[in-house]
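Notes follow the structure.
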Amino acid sequence: MELPEILRTVVDHLKKIPGVGEKTALRHALFLTNWDPRELASFGSALEKIGHLNRCSDCGLFCDEEICHICSSPARSEIKT
């Protein structure tokens, strides 16, 4: 089946996810065609933001700041000292 270039591109990106093959990627891409344009824009924005995630400098957990809420907890600080 010949797919439009836009769908082919989406399928190619989705196939990069571990455990997602050609058929699953195609199913997901076709499912996304049913989404409202605002939902797609929101999803795309969330995907872009993944590239800006921080990792805690102490433990490596994903977080919003340089140090995660666990490592920055006063209770945790007491245990470390």
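Restricting region 28-71 to residues that are at pLDDT below 95, part of a loop (DSSP other than H, G, I, E, B) and closer than 26 Å to Val10 by Cα leaves a set whose member that is most open to solvent (accessible area, probe 1.4 Å) is His52.
I'd like to check something: does region 15-27 contain any residue that is in a helix (DSSP H, G or I), on the phi < 0 side of the Ramachandran plot, modelled with pLDDT of 95 or more and of a type in the set (A, V, I, L, M)? Among the residues of region 15-27, at least one is in a helix (DSSP H, G or I), on the phi < 0 side of the Ramachandran plot, modelled with pLDDT of 95 or more and of a type in the set (A, V, I, L, M), which makes the answer yes. Among residues of region 42-60 that are polar (S, T, N, Q), those with a Cβ under 9 angstrom from a residue that is open to solvent by 70 Å² or more (accessible area, probe 1.4 Å) and part of a loop (DSSP other than H, G, I, E, B), sequence gap 6+ or separate chain, pair up as Asn54/Asp64; Asn54/Glu65; Asn54/Glu66; Ser57/Glu66.
The values are calculated or read from the model by the stated rules, or taken from the named source; none is laboratory data. The structure presented is a predicted model; accordingly, all values stated were derived computationally and were not measured. Counting neighbours? That spans all protein chains shown, and the Cβs are built from the backbone with ideal geometry, glycine included. Heavy atoms of the whole protein, side chains included, go into the accessibility calculation; ligands, DNA and RNA do not. Shrake-Rupley method; radii C 1.70, N 1.55, O 1.52, S 1.80 Å.
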